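What follows draws every value from the coordinates through simple rules; no lab data is involved. The structure presented is a predicted model; accordingly, all values stated were derived computationally and were not measured. Quick reminder, even Gly has a Cβ in these numbers, built from the backbone with ideal geometry, and neighbours come from all protein chains shown.
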Amino acid sequence: MAIALAASQDHIATVFDSADSFVIINAGTPEMQKIESLPPGLSAMQVIKILRDFRITVLLCGAISGFSQQMIEGADILVIPFLKGELKDVAAGFFANQLGDPSFFLPGCRGWWQRMATEKGWEEAPSCTERLRIQRRRGRS
C-alpha cells in the first residue's frame, strides 16, 4: 500500500487543487518517501494518472471538491479529506490510526468523519485501515 499526501511546502495543502507536490510513502517502509512535483493546471485525469502510476491506495489532503473526490475514489483510491498539519505529523497520525484526533481537522471540518459515520450507520467513525477494509469489501480495492 502506498499513500500520497497533497503537499504545499512541508504542510498538507489547505486546498487540494493548490497542492504543489505529492509526498508518496510506501506503507512497508514509511521512512522512504518520494516527492512528486505537480505542475500547475493539471486536469483531474492527469492527477489520477500520477496517483495510479505510483500505485497510491490512500490520498490524504485538505479541502477537496466533491467532483475531484468522486473522480479519485472512482479510480479506487481512498480519499481522506479536510486534514491539516505538517506532513510528518499527518503521516505519523495515519500510520498510528489517529487521524480522528481533532488537531488534524481543518477548522470547520471537525466532525466530518463522525457525520459520515452517522450517515452510513456506523456506530463510530472507522479508522483509516478499517475504511480501507470496508471499501475493499464493497469491491473497491
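Listed values, structure above:
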read-out	value
Footprinting exposure proxy for Ser103, Ser21 (fewest neighbouring C-beta atoms within 10 Å first)	Ser103, Ser21
Interchain or long-range residues, amide H under 5 Å from Asp20's placed H	Ala7, Ser8, Gln9
Summed residue charge, Cβ within 14 Å of Ala19's Cβ, Lys/Arg positive, Asp/Glu negative	-3
12 Å cut-off, amide nitrogen to a point 7 angstrom out along Ala75 Cα→Cβ, residues in the stretch 1-27	4
Neighbourhood net charge (15 Å Cβ-Cβ; Lys/Arg +1, Asp/Glu -1) for Ala7	-3
Stretch gain in nm, segment Glu86-Ile50, where the contour uses 0.36 nm per residue and the Cα spacing is subtracted	10.7 nm
For the stretch 95-109 versus the stretch 1-41, the gap between their alpha-carbon centres in whole angstrom	17
